[in-house]
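The values are calculated or read from the model by the stated rules, or taken from the named source; none is laboratory data. Worth saying up front: this structure is predicted, and the values here are computed from it rather than measured. For neighbour counting, all protein chains shown are included, and Cβ atoms are generated from backbone atoms with ideal geometry for every residue, glycine included.
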Amino acid sequence: METTSDTVIKFTDVHKRYGAIHAVNGISFSAGAGETVAVLGPSGCGKTTTLRMIAGFEEPNSGTIEIGGESMIGKRPYERNVGLLFQHYALFPHMSVRDNIAYGLKHRRWPKATIADRVEEMLSLVQLEGFGDRWPRQLSGGQQQRVALARVLATKPKLVLLDEPLSALDAKLREELGADLKRILTSVGSTTIVVTHDQNEAMSLSDRIIVMNRGGIDQIGSPSEIYAKPKSRFVANFIGRSNWLNGIANSANTRGMANVIMEDGTVLTTDSVGVNDGAQVSVGIRPERIRLVPESKRKAQGGANQFVGKVANAVHMGAEIHYEVRCVAGPLIVVSPSDGNSPFTLGETVGISFGRGDCVVFPESVQ
């Protein structure tokens, strides 16, 4: 992992143990100037410990952490020029919005006139002009989040840490403020680390995603790379949803394709999977990559993999319909666009197809 002149934060082989528990197990990554990187994973994967080590609340047992090319080992939180947005905002209830935003600036002894100008600049940035004299209790949850973010950004930190920034909001507000949060971070050019367990939050806010699992890193990549080309079954399941069919790799060929034989003898054609013939594998297919047509049109639908199945269930999800379809290869969940009506009825026989490039294949030992 190279360090470039615009690298803001760099982890190199960082370990953190609590007694016998290896919370973070030799992770390495970096983030460049102006980049937003999400650290994503389930509870207990090590992401919060990673955040705490960046902020200076925990020290690693080994490895190095650099911010701006300078080692952070042994440095206290206030020596790191890192801004942290807490999950529950932590606004001072006895201070006005203006004083909350100005708090860090006063602590750093900025001139009064400069503080006043900077606070007004931050109020404009988070679209809260005219709210400076209000108290936190007079604000909605979304407005409180904006004030907390303005307070973090006001001091121009070298690195911004966001701890589950949207988790305290309801679903609709998360969607609205997520786009606004991305706009704000982009406009100020902050290098930002977002720590979250929410895949949608990670996908919508970040330029790259670090997927953590059991203290280590399973994959690093852009949201599109992580979704389309997961490197493990864990990543494929954690980012989005996948159908899984089990079989045996067979007859790899020189055209970059391979066959997977299902338990009932059904043959799936996939891209070359890089495993030996006879290996037990799991084949994953995203629900939206599967196409359904009436049985009468099955032969004309195309696609490397074609089957017949029956619709076992249909759930309307607004702009989508989630079908459960049963076929010889196994049960499948299929996501199709909706125009308000379901084109397929329960019990109907349908044609099923997906391309060889729509599959991801892993040895069963790779989870």
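Observations on the structure shown:
- Test: residue in the range 4-11 that is touching a residue at least 60 places away in the same chain (Cβ under 8 Å) and either among the hydroxyl-bearing types (Ser, Thr, Tyr) or over 22 Å from LEU149 (Cα atoms) (or both): yes
- Residue match in the range 22-41 (condition: over 16 Å from PRO157 (Cβ atoms), surrounded by fewer than 14 Cβ atoms within 10 Å (Cβ to Cβ) and modelled with pLDDT of 95 or more): no
- Checking each residue of the range 117-127 against the condition of being closer than 21 Å to GLU164 by Cβ, surrounded by 16 or more Cβ atoms within 10 Å (Cβ to Cβ), modelled with pLDDT under 95 and of a type in the set (A, V, I, L, M, F, W, C) gives at least one match.
- Flag: ASN100 matches the condition of being assigned by TED's automatic domain parsing to the domain that holds ILE193, surrounded by 14 or more Cβ atoms within 10 Å (Cβ to Cβ), more than 21 Å from VAL211 (Cα to Cα) and of a type outside the set (A, V, I, L, M).
- Single residue of VAL315, VAL334 found to be of a type in the set (Val, Ile, Thr) and farther than 12 Å from ILE285 by Cβ: VAL315
- The lone exception for ASP13 - which of (1) surrounded by 17 or more Cβ atoms within 10 Å (Cβ to Cβ); (2) of a type in the set (D, E, K, R); (3) under 19 Å from ASN213 (Cα atoms) it fails: (1)
- Number of positions in the range 193-212 that are within 22 Å of LYS16 (Cα to Cα) and crowded, with 21+ Cβ neighbours inside 10 Å: 8
- Positions within the range 311-349 being at pLDDT 90 or above, buried (at least 16 other Cβ atoms within 10 Å of the Cβ) and within 26 Å of MET262 (Cα to Cα), in sequence order: VAL311, ALA314, HIS322, TYR323, GLU324, VAL325, LEU332, ILE333, VAL334, VAL335, GLU348
- With respect to being touching a residue at least 40 places away in the same chain (Cβ under 8 Å), farther than 23 Å from ILE9 by Cβ and not basic (Lys, Arg), VAL119 falls outside the description.
- Those strands (runs of 3 or more DSSP E) of the range 313-358 in which at least 2 residues are β-branched (Val, Ile, Thr) and under 25 Å from TYR227 (Cβ atoms), considering only elements entirely within it, cover 320-327, 330-337.
- Residues (surrounded by 17 or more Cβ atoms within 10 Å (Cβ to Cβ) and either in contact (Cβ under 8 Å) with a residue 60 or more places away in the chain or farther than 17 Å from SER28 by Cα (or both)) located in the range 213-230: ASN213, GLY215, ILE217, ILE220, PRO223, ILE226, TYR227, PRO230
- Of all the residues in the range 153-177, those that are modelled with pLDDT under 85 and surrounded by fewer than 19 Cβ atoms within 10 Å (Cβ to Cβ) number 9.
- Any helices (runs of 4 or more DSSP H) falling wholly within the range 143-246 and containing at least 1 residues that are assigned by TED's automatic domain parsing to the domain that holds GLY26 and among the basic types (Lys, Arg): 171-188, 233-238
- Residue check for ASP218: touching a Ser or Thr at 6+ places or on another chain (Cβ under 7 Å) and within 15 Å of PHE362 (Cα to Cα): yes
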